[in-house]
Amino acid sequence: MKAKLRSPSEQREADRARARRAALKALKKAKKAAEQTNVKLSDWEGEFLGSVEGRVERYGRAFRDPEKGAPTAALSMLQTQKLKEIVGKAKGKKSGFQRKSRFGQTI
């Protein structure tokens, strides 16, 4: 069975829909991870997850400025980074970047 060839606009819409589904799945996964581990998210983090989820559901993406992320992405680069930090917090991992000295020791 051959796959149906899509026009560029159909492919673009399919990519946007795929990114939207992935973003919603990641947001729900972050909330679920925090609930399962009984990690108390700050008010800001809870509001962030709720507002981003609402914008993705309503508009298909959570940012407007094209310089903040790819045209087919549902979350901006910074929103993606913050989401990863929230998931890390829920899993008990340290957040942020760690510098290493010349000998591999964390500073």
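Quick notes on this structure:
- Among residues of segment 34-48 that are in contact (Cβ under 8 Å) with a residue 12 or more places away in the chain, those with a Cβ under 6 angstrom from a residue that is assigned to a loop (DSSP other than H, G, I, E, B) and hydrophobic (A, V, I, L, M, F, W, C), sequence gap 6+ or separate chain, pair up as 34/41.
- Members of segment 32-47 found to be surrounded by fewer than 18 Cβ atoms within 10 Å (Cβ to Cβ) and assigned to a helix (DSSP H, G or I), listed by number: 32, 33, 35, 36, 43, 44, 46, 47
- Taken over segment 67-95, the criterion of being farther than 11 Å from residue 19 by Cβ and touching a residue at least 24 places away in the same chain (Cβ under 8 Å) is satisfied by 79, 82, 83, 86, 87, 89, 90, 91, 92.
- Hey, residue 25 under 23 Å from residue 76 (Cβ atoms), in a helix (DSSP H, G or I), at pLDDT 90 or above and over 11 Å from the mean Cα position of the chain (by Cα) or not: no
- Top-ranked residue in segment 1-24 [being exposed (fewer than 12 other Cβ atoms within 10 Å of the Cβ) and not small (Gly, Ala, Ser); ranked as nearest to residue 52 (Cα to Cα)]: 10
- Set 50, 60, 54: member being surrounded by 13 or more Cβ atoms within 10 Å (Cβ to Cβ) and either at pLDDT 90 or above or on the phi > 0 side of the Ramachandran plot (or both): 60
- Flag for residue 16 being basic (Lys, Arg), touching a Ser or Thr at 6+ places or on another chain (Cβ under 6 Å) and in a helix (DSSP H, G or I): yes
- Here segment 63-83 is the region considered, the condition is being part of a helix (DSSP H, G or I) and in contact with a helix residue (DSSP H, G or I) (Cβ under 9 Å, 6 or more places away or on another chain), and the residue that is surrounded by the fewest Cβ atoms within 10 Å (Cβ to Cβ) is 78.
The values are calculated or read from the model by the stated rules, or taken from the named source; none is laboratory data. Here the structure is a predicted model, which is why all the values come from computation and not from measurement. Reconstructed Cβ throughout: ideal geometry from the backbone, glycine too, with neighbour counts over all protein chains shown.
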